[in-house]
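Visitor: Below: one structure in structure tokens.
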Amino acid sequence: MNIRIYNTLSGKKEIFEPIEAGNVSMYVCGPTAYDSCHIGHARSVVVFDVIVRYLRHKGFNVQYVRNFTDVDDKIIKRANELGMEPYQLAEKYIAEFYRDMDALKALRADHEPRATEHIHQMIAVIEILMKKKMAYQVNGDVYFSVEAFKEYGKLSGRKLEDMEAGARVDVDKKKRNPFDFALWKSSKPGEPSWDSPWGKGRPGWHIECSAMSTEYLGQTFDIHGGGRDLIFPHHENEIAQSEAAFGRPFATYWVHNGFVNIAHEKMSKSLGNFLLIKDVLKSYHPEAVRLFLLSNHYRSPIDYSQSAMDESVIALDKMYALLDRMDDFIATPDALEASPGSGEYWRRFCESMDDDFNTARGIGILFEAARSINKTLDEHQGSWSLSLKSQIRTDRNEILQMGRILGILSDLPRSYFQAKKKQALEKKSIDSAMIEKMIQDRIEARKVKNWAKADQIRKALSEMNVLLEDRPDGTVWKIGD
């Protein structure tokens with residue numbers, strides 16, 4: 001089945017046909033490194049991580065580029081506030097980005113260029129625009145002339161004449177049009193700067209992505225991605241300057257993910273509902289965060305709440321419990337090798353992903369499969385037929401393959417539950433060694449039929465929210481919800 005992608009540029013789903021058969025070139029706008037990453041950044045990274053995983057699964061050779069903006073007005077302003085050099089601030093938050101995204105099990109991009117490493121490429125593009133009379137210089141600043149690009153507004157659907165009619169008087173009198181945007185900014189005291197044909201200065205934000213995407217993927221590439229907030233003006237301006245410079249389409253498919261809201265409100269620092277990834281990960285397993293972020297279609301907004309996160313935690317626990325149960329049933333060694341899927345659930349999962357990467361529907365199919373497998377295991381307790389073992393092994397492989405695309409279920413079940421137990425203990429300041437000793441004391445009490453002492457220990461553990469389960473192979477414990 002063909003993959004269909006919703007293209008923001010056309011406003012409809014289109015069959016995906018890469019420029020070069022078998023190869024996919026994809027550029028996604030990365031962070032501006034001036035602050036810690038929030039849950040909205042995480043959604044964008046996770047969405048495009050899954051898209052890359054699925055395209056590679058389908059056999060495409062994907063060249064994935066995600067940039068870092070490490071010189072920008074926001075970086076300079078924040079660095080000045082903190083008494084740091086801009087490059088030091090950028091390094092700090094790039095390192096933090098990696099820690100957060102690695103924790104979320106997001107794949108690194110094939111190329112992760114930084115703006116400051118590509119200044120000469122940006123200058124080269126600006127020079128082309130100057131020669132073509134698509135840009136103009138005013139006192140060391142260089143602006144792109146939006147009126148010179150007749151298709152300006154084609155991505156966002158905004159018409160320049162309508163925007164001009166509703167525009168307030170622009171405070172920057174140097175511009176010919178209020179919507180002209182800076183390609184090069186003249187040097188100011190205390191700011192980082194580079195030599196250029198127009199004097200010392202630094203690049204504007206929009207030209208950075210045009211230059212870096214062209215450097216790694218060529219003047220035309222397959223997919224350009226980012227959050228909805230980048231459609232205008234950032235991506236609109238990227239199209240204008242790139243197509244004006246090179247005279248050819250910039251990107252074929254434009255893919256944009258929706259926002260993350262907090263309790264039905266737009267996330268913002270002013271409302272005090274700004275959630276940093278590093279803080280969310282203190283309370284929730286990274287795969288539970290991924291599962292939440294993928295539980296709605298990527299183009300739709302998603303509402304973050306404690307109840308939504310708790311649902312993701314419960315769902316993930318159920319999946320790992322099923323894997324543990326399946327491993328016990330088929331006596332699988334401690335390995336997570338997933339062979340290619342071929343069954344009905346896998347087929348439907350791929351159909352969902354082929355339909356504009358519909359992870360929400362795909363996750364629904366994953367849990368439908370889990371319910372069916374649990375029912376089968378319930379019905380065949382004590383049955384160890386070779387045919388049933390073979391079926392459960394196939395089902396397990398398909399579960400893991402779906403998980404691999406979604407970036408979940410990558411741990412061994414025992415490791416997952418041990419990590420959860422450790423996190424719960426740390427959160428509640430409970431000593432695991434003490435619990436193990438109490439459990440051993442209870443076992444010894446039961447051996448000598450001292451039921452009163454055994455019950456007393458169980459009650460004490462229960463008051464600590466430690467739940468026991470006596471199994472034929474021993475006693476296991478967990479922290480209650």
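Visitor: Could we say that Val52 is within 23 Å of Met353 (Cα to Cα) and either open to solvent by less than 10 Å² (accessible area, probe 1.4 Å) or in contact (Cβ under 8 Å) with a residue 24 or more places away in the chain (or both) here?
Guide: When the stated conditions are applied, Val52 passes them.
Visitor: Looking at (1) more than 21 Å from the chain's Cα centre (by Cα); (2) closer than 30 Å to Asp195 by Cβ, which is the one condition that is false for Asn23?
Guide: Failing condition for Asn23: (2).
Visitor: Here's a follow-up. Restricting attention to the range 195-205, does a residue exist that is outside any loop (DSSP other than H, G, I, E, B) and farther than 21 Å from Gly30 by Cα?
Guide: In the first step, residues of the range 195-205 are kept if they are outside any loop (DSSP other than H, G, I, E, B); the result is 201-203, 205.
Still in the running and farther than 21 Å from Gly30 by Cα: 201.
Yes, that holds for at least one residue.
Visitor: Asn261 - would you say it is touching a Pro at 6+ places or on another chain (Cβ under 7 Å) and closer than 24 Å to Asn358 by Cβ?
Guide: yes
Visitor: Only one residue in Ile94, Ile76, Ile19 is assigned to a loop (DSSP other than H, G, I, E, B) and surrounded by fewer than 21 Cβ atoms within 10 Å (Cβ to Cβ). Which one?
Guide: Ile19 is the lone residue from the list that is assigned to a loop (DSSP other than H, G, I, E, B) and surrounded by fewer than 21 Cβ atoms within 10 Å (Cβ to Cβ).
Visitor: Sticking with this one: Look through Glu85, Glu91 and report the one residue that is over 23 Å from the mean Cα position of the chain (by Cα) and acidic (Asp, Glu).
Guide: After applying the criteria, what remains is Glu85.
Visitor: Within the bounds of the range 98-111, is there any residue that is more than 12 Å from Ile207 (Cα to Cα), open to solvent by less than 40 Å² (accessible area, probe 1.4 Å), among the charged types (D, E, K, R) and not in a loop (DSSP other than H, G, I, E, B)?
Guide: yes
Visitor: Here's another thing I want to ask about it. For Arg43, only one of the following conditions fails: (1) surrounded by 24 or more Cβ atoms within 10 Å (Cβ to Cβ); (2) free of Cβ contacts under 8 Å to residues at least 60 places away in the same chain. What is its number?
Guide: Here Arg43 meets the rest and fails (2).
Visitor: Any residue in the range 273-295 that's modelled with pLDDT of 95 or more: show its pairings with residues that are in a loop (DSSP other than H, G, I, E, B) and among the charged types (D, E, K, R) at Cβ separation under 8 Å, as long as the two are six or more apart or on different chains.
Guide: Pro286/Lys105; Glu287/Lys105; Glu287/Asp411; Arg290/Lys105
Visitor: Shifting gears a bit: Has the range 160-179 got any residue that is outside any helix (DSSP H, G or I) and buried (at least 20 other Cβ atoms within 10 Å of the Cβ)? Write out each step before concluding.
Guide: Taking the range 160-179 first, the residues outside any helix (DSSP H, G or I) are 167-179.
Next cut, buried (at least 20 other Cβ atoms within 10 Å of the Cβ) only: 179.
Yes, some residue in the range 160-179 is outside any helix (DSSP H, G or I) and buried (at least 20 other Cβ atoms within 10 Å of the Cβ).
Visitor: Filtering the range 443-481 down to residues that are surrounded by 14 or more Cβ atoms within 10 Å (Cβ to Cβ) and of a type in the set (Lys, Arg), which residue is farthest from Gln418 (Cα to Cα)?
Guide: Lys453
For (1) modelled with pLDDT under 90; (2) among the basic types (Lys, Arg); (3) within 30 Å of Asn7 (Cα to Cα), each residue gets a yes or a no:
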residue	(1), (2), (3)
Glu337	yes, no, no
Pro340	yes, no, yes
Phe357	no, no, yes
Leu386	yes, no, no
Gln401	no, no, yes
Ile405	no, no, yes
Lys422	yes, yes, no
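Visitor: Criterion first (at pLDDT 95 or above, touching a Leu at 6+ places or on another chain (Cβ under 6 Å) and open to solvent by less than 40 Å² (accessible area, probe 1.4 Å)) does Ile223 satisfy it?
Guide: When the stated conditions are applied, Ile223 does not pass them.
Visitor: Could you please find all residues in the range 102-123 being of a type in the set (D, E, K, R) and in contact (Cβ under 8 Å) with a residue 60 or more places away in the chain?
Guide: Lys105, Glu112
Visitor: Let me ask you something else. For Arg228, state whether it is surrounded by fewer than 23 Cβ atoms within 10 Å (Cβ to Cβ) and of a type in the set (Lys, Arg).
Guide: When the stated conditions are applied, Arg228 passes them.
Visitor: Which condition number in (1) surrounded by 20 or more Cβ atoms within 10 Å (Cβ to Cβ); (2) part of a loop (DSSP other than H, G, I, E, B); (3) out of contact with any helix residue (DSSP H, G or I) (no Cβ under 8 Å at 6 or more places or on another chain) is the one that Asn273 fails?
Guide: Every listed condition holds for Asn273 apart from (1).
Visitor: Looking at the range 291-311, which of the residues that are of a type in the set (Gly, Ala, Ser) and assigned to a loop (DSSP other than H, G, I, E, B) is surrounded by the fewest Cβ atoms within 10 Å (Cβ to Cβ)?
Guide: Ser300
Visitor: Of all residues in the range 218-231, which are part of a strand (DSSP E or B) and of a type outside the set (Phe, Trp, Tyr)?
Guide: Correct list: Asp222, Ile223, His224, Gly225, Gly226, Gly227.
For every residue, the table says whether it meets (1) part of a helix (DSSP H, G or I); (2) open to solvent by 40 Å² or more (accessible area, probe 1.4 Å); (3) more than 22 Å from Val24 (Cα to Cα); (4) of a type in the set (S, T, N, Q).
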site: Ile207; (1), (2), (3), (4): yes, no, yes, no
site: Thr214; (1), (2), (3), (4): yes, no, no, yes
site: Pro233; (1), (2), (3), (4): yes, yes, yes, no
site: Ala245; (1), (2), (3), (4): yes, no, yes, no
site: Pro249; (1), (2), (3), (4): no, yes, no, no
site: Trp254; (1), (2), (3), (4): no, no, no, no
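The values are calculated or read from the model by the stated rules, or taken from the named source; none is laboratory data. Everything numeric here is computed off the predicted structure, so don't read it as measured data. Reconstructed Cβ throughout: ideal geometry from the backbone, glycine too, with neighbour counts over all protein chains shown. Heavy atoms of the whole protein, side chains included, go into the accessibility calculation; ligands, DNA and RNA do not. Shrake-Rupley method; radii C 1.70, N 1.55, O 1.52, S 1.80 Å.
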